[in-house]
Amino acid sequence: MKIKDSDILIVPGAGNPSPFHWLTRWQDNMSTARRVDQDDWNQPQRETWVNRLVDAVGETEKPVILVAHALGVLTVAHAAPALTGKIAGAFLVGASDWERPELKTTYGDHGFDPVPRQPLGFAGLLLASSNDPTCNITKAEAWARDWGIHFGNAGEAGHFEPESGHGPWPEGLMAFARFTQTL
């Protein structure tokens, strides 16, 4: 599938990425890409975030490719049952493990745990890092298996953010291009 033939929805995680983050750069450089905005980026709530994604998908006219990072990955997983039929594929990067108990202290009852373990119902690729401080790579690989999507080990890539050297992230863009060719 060609990018121009799809609606690309960018699904960020908590905090909303800076202008230097690869998600923002990709959005700015892909004519069919737009961000799924949230009302509160700093106090995420599953139901609100999932509904916003479902609504954004409902507003599209072309087949949808989701590009998600961190908590955005879990938003896609929770929304998946309501998205079947409109999603061509999901490019998921650096899933954050919101089943960690310490996140309840920071974010309260956010609702992103437990992480769904059912197949997503559409094609996908989950890229994970062997040294991501927000999610153990073994857990990410198990999620990909449970979701029925492909898994990619990106090596020591941190959390795929500017602080770990992933501003423009050309390697990610190449992986995204290869992924869209499979759709």
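The values are calculated or read from the model by the stated rules, or taken from the named source; none is laboratory data. Because the structure is a prediction, the values reported are computed rather than measured. Every residue, glycine among them, receives a Cβ derived from its backbone with ideal geometry; neighbour counts consider all protein chains shown. These accessible areas exclude ligands, DNA and RNA; they are computed on the full protein's heavy atoms, side chains included. Shrake-Rupley method; radii C 1.70, N 1.55, O 1.52, S 1.80 Å.
Here's the yes/no breakdown for (1) of a type in the set (A, V, I, L, M); (2) open to solvent by less than 50 Å² (accessible area, probe 1.4 Å); (3) closer than 20 Å to D7 by Cα:
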{"residue": "E141", "(1), (2), (3)": "no, no, no"}
{"residue": "W147", "(1), (2), (3)": "no, yes, no"}
{"residue": "H150", "(1), (2), (3)": "no, no, no"}
{"residue": "F160", "(1), (2), (3)": "no, yes, no"}
{"residue": "G165", "(1), (2), (3)": "no, no, no"}
{"residue": "E171", "(1), (2), (3)": "no, no, no"}
{"residue": "L183", "(1), (2), (3)": "yes, no, yes"}
Pair list, Cβ under 7 Å, 6 or more apart: region 124-143 residue more than 24 Å from T84 (Cβ to Cβ), other residue of a type in the set (K, R): none
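So which of A90, A68, A177, A144 ends up being assigned to a helix (DSSP H, G or I), among the small types (G, A, S) and under 22 Å from A14 (Cβ atoms)?
Values: A90 fails: assigned to a helix (DSSP H, G or I); A68 fails: assigned to a helix (DSSP H, G or I); A177 fails: under 22 Å from A14 (Cβ atoms).
That would be A144, the only listed residue that is assigned to a helix (DSSP H, G or I), among the small types (G, A, S) and under 22 Å from A14 (Cβ atoms).
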Looking at region 65-85, which of its residues are open to solvent by less than 30 Å² (accessible area, probe 1.4 Å) and either at positive phi or in contact with a Leu (Cβ under 6 Å, 6 or more places away or on another chain) (or both)? L66, A68, H69, A70, V73, T75, V76, A79, A80
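On the given criteria, is W41 in a loop (DSSP other than H, G, I, E, B) and either buried (at least 17 other Cβ atoms within 10 Å of the Cβ) or touching a residue at least 12 places away in the same chain (Cβ under 8 Å) (or both)?
Working: in a loop (DSSP other than H, G, I, E, B): yes; either buried (at least 17 other Cβ atoms within 10 Å of the Cβ) or touching a residue at least 12 places away in the same chain (Cβ under 8 Å) (or both): yes.
Yes, satisfied.
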When you look at H159, is it closer than 25 Å to V50 by Cβ and in a loop (DSSP other than H, G, I, E, B), yes or no? yes
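So, of the residues in region 101-115 that are more than 14 Å from the chain's Cα centre (by Cα) and surrounded by 14 or more Cβ atoms within 10 Å (Cβ to Cβ), which turns out to be nearest to R178 (Cα to Cα)? So that I can check it myself, show each step before the final result.
Going through region 101-115, the residues more than 14 Å from the chain's Cα centre (by Cα) turn out to be 101-111, 113-114.
Imposing the further condition that a residue be surrounded by 14 or more Cβ atoms within 10 Å (Cβ to Cβ) reduces the set to 103, 107, 110-111, 113.
Working: L103: 34, Y107: 36, H110: 34, G111: 33, D113: 31 Å.
Per the criteria, the residue is D113.
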